[in-house]
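Notes follow the structure.
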Amino acid sequence: MKPIISRFFRYISIDTQGDDQASCCPSNENQRLLADLLCEELKEFGVTDVRVDENSFLYAKISSNLDTPVPSVAFLAHLDTNPWVIGEHIHPRIVREYDGGDIILNQRKNLVLSPSRYPELLSHVGEDLIVTDGTTLLGADGKAGITEIMEAVRYVTEHPELKHGDLYIVFTPDEELGYSTDYINLKEIPADFGFTVEGGGLGEINIENFNAATATVTIHGHGIHPGVARNTMKNAVLLAHKFISCFPESEMPENTDSYEGYYHVSDIRGDVSQCIMTYHIRDFSAARYEERKKTSCQNCLISESSLWRRYF
């Protein structure tokens, strides 16, 4: 197995799944565990200017080896994984020289990764692919980015003949929850340019981002036996349906692309007595973003400060 793959497998074995119900950073103490591991590995590479702060942000600097000043560059990636998909007990495997057909992830559960559903697979024919058994996420977002940055640092420190300016390395907790921007110390990274290393196609660079907010919407109903429910029952499930139907169908994720913003209910759980939804808005325009927040609160009939508890 190639060293870079062994490194990636080591990182994804640590469950750093974010907890969207937590009110602290990091939301999962395993993110601190991974940050400390990366800190020690950087020291083993010979990086002396490295530390992990109280919120599990890792900051490191590799000083310039040039006699003349050049622009400095920061590389960033995040420690956490998606809070809505299982991130523990990951069982990765390598599909050698992918042939373009279906990949059976889990035969017992009949879980298949197929190009008929994910046509982008066909752009990787002949390559080695890393997949899970289909019961968990892989954790490549953002541990593939961490792996790439760490391998780059290893190469730079082992090849002093490679000339460079000041390089800054930043690994952040809870990017998925928005805490990366809440607690990051920008004074630690006085770089001229910065790149977040994450997903995307080979050679692809994104130079812009959207505005985003997330809220938990809780609807309190009143349950009673259906036989005596007239003028008494308040069905939280039906009220949740009415809430969702207040938003234009044309502005849902499945009906938008490019710079079009959207409203998105990602999950819903509950019964007649109580229903809880996780609700997101996204928009590239700051003005439209603010308008979406106001529209959402009007549909909830509550104040804006009561709905939105996180921004990122």
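The values are calculated or read from the model by the stated rules, or taken from the named source; none is laboratory data. The structure presented is a predicted model; accordingly, all values stated were derived computationally and were not measured. Positions of Cβ are generated from backbone atoms using ideal geometry, with glycine treated the same way; all protein chains shown enter the neighbour counts. Calculation scope for accessible area: heavy atoms of the full protein, side chains included, ligands and nucleic acids excluded. Shrake-Rupley method; radii C 1.70, N 1.55, O 1.52, S 1.80 Å.
Descriptive notes on the structure:
- Normalised by 2.2 N^0.38 Å, where N counts its residues, the alpha-carbon radius of gyration of region 1-97 equals 1.30.
- Neighbourhood charge, 13 Å Cβ-Cβ cut-off, centred on Gly126 and excluding it, Lys, Arg +1 and Asp, Glu -1: -3
- Bridge type composition, the chain - antiparallel percent by DSSP, nearest 5: 75 percent
- A Förster radius of 41 Å, combined with the Cβ-Cβ distance separating His220 from Val112, puts the computed FRET efficiency at roughly 0.50.
- Working from Cα pairs under 8 Å separated by at least six residues, relative contact order for region 110-217 is 28 percent.
- Relative contact order computed over region 212-288 (Cα-Cα under 8 Å; 6+ residues apart), in percent: 41 percent
- Against the chain, whose longest principal axis comes from its Cα atoms, helix 140-158 is set at around 10 degrees.
- Each pair of Cα atoms in region 209-298 enters the Kirkwood radius, and Stokes-Einstein at 25 °C and 0.890 mPa s then converts it into a translational diffusion coefficient of 171 µm²/s.
- Per residue, in Å², the accessible surface of the chain once ligands and nucleic acids are set aside, probe 1.4 Å: 57 Å²
- Here the chain exposes an accessible surface that is 53 percent carbon and sulfur, computed with a 1.4 Å probe and the other protein chains kept in place.
- Among the listed pairs Lys2/Lys61; Lys2/Lys43; Lys61/Lys143; Lys109/Lys242; Lys187/Lys293; Lys43/Lys163, those beyond 25 Å (Cα-Cα): Lys2/Lys61; Lys109/Lys242; Lys187/Lys293
- Computing FRET efficiency as 1/(1 + (r/R0)^6) for Lys242 and Glu291, where r is the C-beta to C-beta distance and R0 is 22 Å, gives about 0.55.
- In units of the rule-of-thumb radius 2.2 N^0.38 Å, the chain shows an alpha carbon radius of gyration of 1.17.
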